[in-house]
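> Can you read through this structure? Questions will come right after.
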Amino acid sequence: MTDSLEAARVSLVDAINEISDDVERYQAVKALEVRFDEDFKQIKATAARNLYEGRTWEQVGELLGVTGSRAEQISRATR
């Protein structure tokens, strides 16, 4: 992880931990999980599609550490 990403992660965690109410803090984390899950799924899909250019799904899978069929699923943002 790059230093800037680690700094952003730490800042986010610190901001969440500043929420004094336990229920509000919990709800904030749950909401972020949902948003990040969708955002990250799209980022991974784009990366897989980009890697596919000039490669087979098996080759993409090897690069990503998954099977070729899983790499293709990732490219479509499916679970």
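> Which residue out of 11, 20 is surrounded by fewer than 12 Cβ atoms within 10 Å (Cβ to Cβ), over 20 Å from the mean Cα position of the chain (by Cα) and either among the hydroxyl-bearing types (Ser, Thr, Tyr) or closer than 28 Å to residue 76 by Cβ (or both)? Please lay out each step first, then the result.
Numbers: 11 fails: over 20 Å from the mean Cα position of the chain (by Cα).
Selected residue: 20, the only one of 11, 20 that is surrounded by fewer than 12 Cβ atoms within 10 Å (Cβ to Cβ), over 20 Å from the mean Cα position of the chain (by Cα) and either among the hydroxyl-bearing types (Ser, Thr, Tyr) or closer than 28 Å to residue 76 by Cβ (or both).
> Next question, about the same structure. Could you say whether any residue in the stretch 43-56 is closer than 19 Å to residue 9 by Cα and surrounded by 10 or more Cβ atoms within 10 Å (Cβ to Cβ)? Spell out the reasoning first.
Within the stretch 43-56, the first condition is being closer than 19 Å to residue 9 by Cα, and the residues that meet it are 43-44.
Retained after the next criterion (residues that are surrounded by 10 or more Cβ atoms within 10 Å (Cβ to Cβ)): 43-44.
Taking every residue of the stretch 43-56 in turn, at least one turns out to be closer than 19 Å to residue 9 by Cα and surrounded by 10 or more Cβ atoms within 10 Å (Cβ to Cβ).
> Is it fair to say residue 70 is under 19 Å from the mean Cα position of the chain (by Cα) and not hydrophobic (A, V, I, L, M, F, W, C)? Walk me through how you get there before you give the answer.
Values: under 19 Å from the mean Cα position of the chain (by Cα): yes; not hydrophobic (A, V, I, L, M, F, W, C): yes.
Yes, satisfied.
Bear in mind that the values in this text are calculations on the coordinates, not laboratory data. Computed from a predicted structure; not experimentally measured. Here the Cβ is made from the backbone with ideal geometry for all residues, glycine too, and neighbour counts use every protein chain on show.
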